[in-house]
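Some notes on the structure that comes next.
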Amino acid sequence: MTTFGNNTAFQKLREYEKRASGFAPGSKKGGGPADEWSGVVFGLGEARLACPIDRGGEILPCPPSTPVPGAKPWIVGLANVRGELLTVVDLNGYLNGTRTTLTGNSRLLSSTLNKAPIGLLVDEVYGKRHFLDSDAVPADLPVDSPLASVGEKQYESGSEHWHELDLGRLFTQTE
């Protein structure tokens, strides 16, 4: 009878386990090119944006929300998502001052801000795309563009231009 120590199939499984335990989601190890990252791509007005998939929680249809008296105009309200209160922020309203019109394509990109759940209301989510850091170029945005303060890179994919939305910068900027 073969012992576990001499079983090549078992050794292979141990090797897989060892490699998997060293992997951290969002790290640059394994999977693809060293400078590849995955992003959720979405529309906000006329802009096409991408944000790293590991910064978001999930993509949700817009749940009903309850307005918060005295809140900023870009705070849509609070929504109950599976028993957790989510602050719904109109991203277009925050950046451009123009309220997003809810349609069947409108979505919330969930994330966290200081460990509190937040949902960013966007016009439409197109899906997931892979980008290479080496393909990044400085964002071609006017200085007075509201996106200039939250994104300094852009990526080209065929005829499409995707601006990278830096959620870290978005969440740390003052109003």
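The values are calculated or read from the model by the stated rules, or taken from the named source; none is laboratory data. Owing to the predicted nature of the structure, the values given are computational and were not obtained by experimental measurement. Note: ideal-geometry Cβ built from the backbone for every residue, glycine included; neighbour counts use all protein chains shown.
Looking at the stretch 127-138, which of its residues are within 12 Å of the chain's Cα centre (by Cα) and at negative phi? Lay out the reasoning, then the answer.
Of the stretch 127-138, the ones within 12 Å of the chain's Cα centre (by Cα) are 127-129.
Residues satisfying the conditions are K128, R129.
Take the residues in the stretch 93-126 that are exposed (fewer than 15 other Cβ atoms within 10 Å of the Cβ) and assigned to a strand (DSSP E or B); name whichever of them is farthest from the chain's Cα centre (by Cα). Don't jump to the end; show me each part of the working.
Of the residues in the stretch 93-126, the ones exposed (fewer than 15 other Cβ atoms within 10 Å of the Cβ) are 97-99, 101-105, 112-116, 124.
Filter once more, keeping what is assigned to a strand (DSSP E or B): 112-113, 116, 124.
Working: T112: 11, L113: 13, A116: 16, E124: 13 Å.
Result: A116.
Looking at the stretch 127-175, which of the residues that are part of a helix (DSSP H, G or I) and among the polar types (S, T, N, Q) is modelled with the highest pLDDT?
Here is the first cut: in the stretch 127-175, the residues part of a helix (DSSP H, G or I) are 133-135, 146-149, 167-172.
Remaining after also requiring among the polar types (S, T, N, Q): 134, 149, 172.
On the way: S134: 85, S149: 81, T172: 80.
Looking at residues that are part of a helix (DSSP H, G or I) and among the polar types (S, T, N, Q), I get S134.
Rundown of residues vs (1) at pLDDT below 95; (2) part of a loop (DSSP other than H, G, I, E, B); (3) farther than 19 Å from R129 by Cβ, yes/no style:
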residue: P33; (1), (2), (3): yes, yes, no
residue: G39; (1), (2), (3): yes, no, no
residue: G43; (1), (2), (3): yes, no, no
residue: R48; (1), (2), (3): yes, no, no
residue: C51; (1), (2), (3): yes, no, no
residue: D54; (1), (2), (3): yes, no, no
residue: P63; (1), (2), (3): yes, yes, yes
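Just one of the numbered conditions (1) touching a Lys or Arg at 6+ places or on another chain (Cβ under 8 Å); (2) at pLDDT below 75; (3) of a type outside the set (K, R) is not true of A24; which one?
(1)
Does T87 meet the test of being assigned to a strand (DSSP E or B) and under 15 Å from the mean Cα position of the chain (by Cα)?
On the way: assigned to a strand (DSSP E or B): yes; under 15 Å from the mean Cα position of the chain (by Cα): no.
Considered against the rule, which asks whether it is assigned to a strand (DSSP E or B) and under 15 Å from the mean Cα position of the chain (by Cα), T87 comes out as no.
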